Ligand code: SF4
């Protein structure tokens, strides 16, 4: 396969096959700059010079989790030191704090609490909405939807309908990790299978509930697994159009069982991080937005990702206990002024957006 011919074809509208995408993801010498450059050109044609971000607040509900995934340092057993589960008053206090920070989105993050059922998830939505009726609530993963359905003896479709009626604005495309069951058996054996994740995401899109799409890479998967994962996302998007963006999540290894037990490497390299972004931009021709997780990459590599195909700086977040526990420093808050500096420095323009990517007025 000739790299230059392939990239020229892609820029001319050719749709990459899995084999071709894998070839691009495997580049190791200086020609990787050509892949980044092609991805940046596709980004420019698709969304222009604008870099977006949302003013949001992460709100951690509980770290008690039935799954205890090997790549995660956040989840705890209920009896473990440091385990917590917020009650109504605590959730509402955190929501008021978020309102003081003038966020447009609250992102609820939680372990998959063994005792949560559908009613508890609906209660949480109502607690948030009581305090902030017009806030966009971005919450819950397909794994939590499945857990709620099993605990309550109803279908996942019924759970989604009830969540939407209770004020869920968008579902998180998390718990995807790598959508290859052999890999999931190693990194997150207690989570939903690939097939169930795909079914719930399709159900959400069918109900008019948008979702993000995520990929958690850099642990035990191969480059071919990463492409298989992207291929599943591209197929879903082709059918539903319900993904708002791809969120690439680089594995943070330091404090996680998989790494400490010698079962996973020390995360992705910088080359892998930027190539994953670039190949995602080139392969996911039906996605408009590719996000930079600055909490995982850091601000400096995150800025470079904006030159490798990405166009969105995610949110202000204000706190990210999941990344902090895994060993990331500075994952808690990125001031829009710093985002402005990152984007202006590469000749781009920062704009605030809402969760659905409609532009904010300021
Ligand atoms: S990744 Fe999520 S589901 Fe897995 S242990 Fe951590 S909090 Fe629990």
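Of these, 30, 4, which one is without any contact (Cβ under 8 Å) to a residue 12 or more places away in the chain and surrounded by fewer than 16 Cβ atoms within 10 Å (Cβ to Cβ)? Walk me through it before giving the result.
Numbers: 4 fails: without any contact (Cβ under 8 Å) to a residue 12 or more places away in the chain.
Checking each option against the conditions leaves just 30.
Select from segment 63-84 the residues that are without any contact (Cβ under 8 Å) to a residue 60 or more places away in the chain and either within 8 Å of the ligand (Cβ to nearest atom) or surrounded by 21 or more Cβ atoms within 10 Å (Cβ to Cβ) (or both) and write down the one among them that is nearest to residue 95 (Cα to Cα). Break it down stepwise before answering.
Here is the first cut: in segment 63-84, the residues without any contact (Cβ under 8 Å) to a residue 60 or more places away in the chain are 64-65, 75-84.
Then keep just the ones that are either within 8 Å of the ligand (Cβ to nearest atom) or surrounded by 21 or more Cβ atoms within 10 Å (Cβ to Cβ) (or both); that gives 64-65, 75.
Working: 64: 20, 65: 22, 75: 22 Å.
Here the answer is 64.
Being on the phi < 0 side of the Ramachandran plot, surrounded by fewer than 24 Cβ atoms within 10 Å (Cβ to Cβ) and modelled with pLDDT under 95 narrows it down to one of 237, 254, so name that one.
Details: 237 fails: modelled with pLDDT under 95.
Step by step, each of 237, 254 is checked, and only 254 is on the phi < 0 side of the Ramachandran plot, surrounded by fewer than 24 Cβ atoms within 10 Å (Cβ to Cβ) and modelled with pLDDT under 95.
All but one of (1) surrounded by fewer than 23 Cβ atoms within 10 Å (Cβ to Cβ); (2) closer than 26 Å to residue 352 by Cα; (3) within 16 Å of the ligand (Cβ to nearest atom) hold for residue 100, so report the exception by its number.
(3)
Of all residues in segment 110-134, which are surrounded by 21 or more Cβ atoms within 10 Å (Cβ to Cβ), in a loop (DSSP other than H, G, I, E, B) and away from the ligand (no atom under 16 Å from the Cβ)?
Scanning segment 110-134 gives no hits.
With (1) away from the ligand (no atom under 15 Å from the Cβ); (2) within 19 Å of residue 332 (Cβ to Cβ); (3) under 21 Å from the mean Cα position of the chain (by Cα) as the list, and residue 58 as the residue in question, which single condition is left unmet?
(1)
On the given criteria, is residue 151 within 16 Å of the ligand (Cβ to nearest atom), crowded, with 23+ Cβ neighbours inside 10 Å and assigned to a helix (DSSP H, G or I)?
Values: within 16 Å of the ligand (Cβ to nearest atom): yes; crowded, with 23+ Cβ neighbours inside 10 Å: no; assigned to a helix (DSSP H, G or I): yes.
Here the answer is no, as residue 151 does not meet what is asked.
Taking the condition of being farther than 13 Å from residue 233 by Cα and part of a helix (DSSP H, G or I), how many residues in segment 266-288 meet it?
Qualifying residue count for the region: 11.
Any residue at all in segment 220-237 that's touching a residue at least 24 places away in the same chain (Cβ under 8 Å), part of a loop (DSSP other than H, G, I, E, B) and touching a strand residue (DSSP E or B) at 6+ places or on another chain (Cβ under 8 Å)? Before the answer, list the steps.
Here is the first cut: in segment 220-237, the residues touching a residue at least 24 places away in the same chain (Cβ under 8 Å) are 220-221, 223-234, 236-237.
Within this subset, residues satisfying the condition of being part of a loop (DSSP other than H, G, I, E, B) are 220-221.
Within this subset, residues satisfying the condition of being touching a strand residue (DSSP E or B) at 6+ places or on another chain (Cβ under 8 Å) are none.
No.
Go through (1) outside any loop (DSSP other than H, G, I, E, B); (2) touching a helix residue (DSSP H, G or I) at 6+ places or on another chain (Cβ under 9 Å); (3) modelled with pLDDT of 95 or more; (4) within 24 Å of residue 69 (Cα to Cα) one by one and return the number of the condition residue 259 breaks.
Status for residue 259: all satisfied but (2).
Given (1) in contact with a strand residue (DSSP E or B) (Cβ under 7 Å, 6 or more places away or on another chain); (2) part of a loop (DSSP other than H, G, I, E, B), where does residue 137 come up short, assuming only one miss?
Every listed condition holds for residue 137 apart from (2).
Quick check on my filter: what residues within segment 161-208 are within 13 Å of the ligand (Cβ to nearest atom), farther than 24 Å from residue 290 by Cα and assigned to a loop (DSSP other than H, G, I, E, B)?
188, 189, 190, 191, 192
The values are calculated or read from the model by the stated rules, or taken from the named source; none is laboratory data. Remember, it's a predicted structure, so these values are computed and weren't measured experimentally. Quick reminder, even Gly has a Cβ in these numbers, built from the backbone with ideal geometry, and neighbours come from all protein chains shown.
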